[in-house]
Structures are given as C-alpha cells and as structure tokens.
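> One structure coming up, written as structure tokens, with questions to follow.
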Amino acid sequence: MNKYKNLAFNTIVFTIGSFSSKLISLFLNNLYTKHISPSQLFAKSVLETLALFLIPVFTFSLGEAIIRYGLDNKYDKKKIFTTTSIISLSGLLLMAAVVPLLRFIPVFSSLRSYGLLLIIYIFCSALRAQCSQFVRAREMVKLFSFDGILTTLMLLLFNVLFISHFGLGVKGFMISNILSDLCSAIFLFFSAGLKKYFNIGSFSS
C-alpha cells in the first residue's frame, strides 16, 4: 500500500513542479517578446538550439546512464557520480575548444560575440543536469521538484533584472540562464550532500 501512496505523492509533486514551471515560462515568453527585438530573438533561438545540440554531444548523453544505473542498487553510486562527472567534464573541455571555431561557419558568424557566454552557459547547464539527474536517481523526488520550481523562479527574476531593468537583451538572457543553473547546481550539491559521492579514486573506466 505504501508503494502506491508513494507513487501518488510523487506524481502530485511532479505535476505541481511541471505546472509551475510552465506558468512561469509564459511570463518569460512575454518578457522576451516585449524587451528583445525580432533579430535578437532569432539569435536567442539559435543559441538555445545550439546549446541543446552541444550539451548531449559533449556530455555523451550520460544523464540517461545516471538514471539507469543510479536507480539500481547493485551499482556503487559514488562510482556512478564520479565517473560520469569526470567524463562529462572532459567532454566539456573539448567543447570549450570547439565552440570558438563555430565563428568560421557562415550561419553562426553572427553569434561570435556570444562565444564565451555560450561556453559558460553550456558548462553551467551540464553541471546542473549532472546534479539534478543524480538527485533524481537517488529518488529524492521532493528536492528534485523543489529545485525545478526554484530554478525557474530564479530564471524569471534574473531575466527581469538583466533584460527588463538593464536592457541587456540576448546577453541578459544568457547571463540569467547561467546564474540560475549555477545556483541550482550549488543548491543541489550541498542539499543532497553530493560531495561525498565524488572521489577521484572511485573513477571507473
């Protein structure tokens, strides 16, 4: 019976988190269209698409492996977190060397001024994903969902500050995502006690 109660509770928590995030996303879309010009909105769209493509490529889509093996008690969670973290970091360092070369591709030439921000954005997004997926694999549902709501709220606040107040446009959008992802990763790292799951000696090739 407890298993079904757990399932019902987890479903409700995920639903609340998903609904809240979508509601805040509506406010964000309104803010973007109001304060960012159509040409900049195109740049924003290209940067988002590029990041969504590069993150799984250079982190080797290890998020799925974290969930798959993290939920299985037969596997050492310290080895899982340490190994996936080190492999992801190696891939991200390679990404940092590749992104500057994109300016030589005509379709991406207009994004050259966002190169450094894109690298930091991908790093922070991947870091947050690493922490949140591991928290999810440990079945810390309340913390995982709370972080989702908190991160979306922070994203909204940072966007209001950097786009609406300071008028930074696409750069404001990038900075907002970087800060919200970084805050989320730090929050999860300490709240879930992830430090004890990272040990170089636990790396397994």
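The values are calculated or read from the model by the stated rules, or taken from the named source; none is laboratory data. A quick note: this is a predicted structure, and the numbers were derived from the prediction, not measured. Using ideal geometry, Cβ is built from the backbone for each residue, glycine included, and neighbour counts are taken over all protein chains shown. Surface areas here come from the heavy atoms of the whole protein model, side chains and all, with no ligands, DNA or RNA. Shrake-Rupley method; radii C 1.70, N 1.55, O 1.52, S 1.80 Å.
> Angle check, please: helix 2-35 long axis (alpha carbons) against the longest principal axis of the chain (alpha carbons), in degrees 0 to 90, nearest 10.
So the inclination is approximately 10 degrees.
> Taking H placed 1.01 Å from N in the peptide plane, check which residues at least 5 places from Leu168 or on another chain put their amide H under 5 Å from its amide H.
When sequence neighbours closer than 5 places are left aside, the close amide H contacts are Ile163.
> How high is the relative contact order of the chain, in percent, with contacts defined as C-alpha pairs under 8 Å that are six or more residues apart?
Reported relative contact order: 32 percent.
> Which number gives the lysine pairs in region 48-205 that have C-alpha atoms under 23 Å apart and are eight or more places apart or on different chains?
Counting lysine pairs in region 48-205 gives 12.
> May I ask for the Kirkwood hydrodynamic radius of region 1-135, worked out over all distinct Cα pairs and given in angstroms to one decimal? Working shown, then result.
Working: mean 1/r = 0.0570 Å⁻¹.
Result for region 1-135 stands at 17.5 Å.
> ³J(HN,Hα) across region 126-137 via Karplus (A = 6.51, B = -1.76, C = 1.60, θ = phi - 60°), whole Hz, x for Gly/Pro?
Values, residue by residue: 5, 4, 5, 4, 4, 5, 5, 5, 6, 4, 5, 5 Hz.
> OK, next. Excluding Arg136 itself, calculate the net charge of residues whose Cβ lies under 15 Å from the Cβ of Arg136, where each Lys or Arg counts +1 and each Asp or Glu counts -1.
Surrounding charge for Arg136 is +1.
> Between Leu94 and Thr49, what length comes free when the chain is fully extended (0.36 nm per residue of separation minus the Cα-Cα distance, one decimal in nm)?
Gain in length upon complete extension: 14.3 nm.
> How large is ³J(HN,Hα) for each residue in region 67-78, as worked out from phi by the Karplus curve 6.51 cos²θ - 1.76 cosθ + 1.60 (θ = phi - 60°), to whole Hz, x for Gly and Pro?
Along region 67-78, the couplings run 5, 4, 8, x, 7, 8, 5, 6, 9, 6, 5, 5 Hz.
> What's the local net charge at Ile200, with K and R +1, D and E -1, over the other residues with C-beta under 12 Å away? Walk me through the numbers before you get to the answer.
Values: positive: Lys78, Lys79; negative: none.
My count for the surroundings of Ile200 gives +2.
> Further, regarding this structure: How large is the helix-only mean residue ellipticity at 222 nm for the chain, computed as the sum of -39500 (n - 2.57) over DSSP H runs with n ≥ 4, divided by its residue count, in deg cm²/dmol to the nearest 500?
Details: 7 runs with 151 residues, N = 205.
About -25500 deg cm²/dmol.
> Turning to a different aspect of this structure: How large a share of the accessible area of the chain, in percent, is made up of carbon and sulfur atoms when the probe is 1.4 Å and the other protein chains stay in place? Please list the in-between numbers first.
Values: 7900 of 11730 Å².
In the chain, the share of accessible area belonging to carbon and sulfur is 67 percent.
> Next up: Between the DSSP loop rule and a limit of at most 16 other Cβ atoms within 10 Å, which trypsin sites (Lys or Arg not before Pro) in region 1-104 are left?
Numbers: sites: Lys3, Lys5, Lys22, Lys34, Lys44, Arg68, Lys74, Lys77, Lys78, Lys79, Arg103; in loops: Lys74.
Loop-located and lightly packed - Lys74.
> So what does the Cα-only Debye profile of region 66-166 read at q = 0.18, 0.22, 0.23 Å⁻¹, as log10 I(q)/I(0), no solvent term?
-0.99, -1.11, -1.13
> A further question follows. Quick one: 3J(HN,Hα) in Hz for region 138-148, Karplus 6.51/-1.76/1.60 with θ = phi - 60°, rounded, Gly and Pro as x.
7, 6, 8, 4, 4, 5, 4, 6, 4, 4, x
> Please determine, in degrees from 0 to 90 and to the nearest 10, the orientation of helix 169-191 with respect to the longest principal axis defined by the Cα atoms of the chain, where the helix direction is its Cα long axis.
On a 0 to 90 degree scale, this one is about 20.
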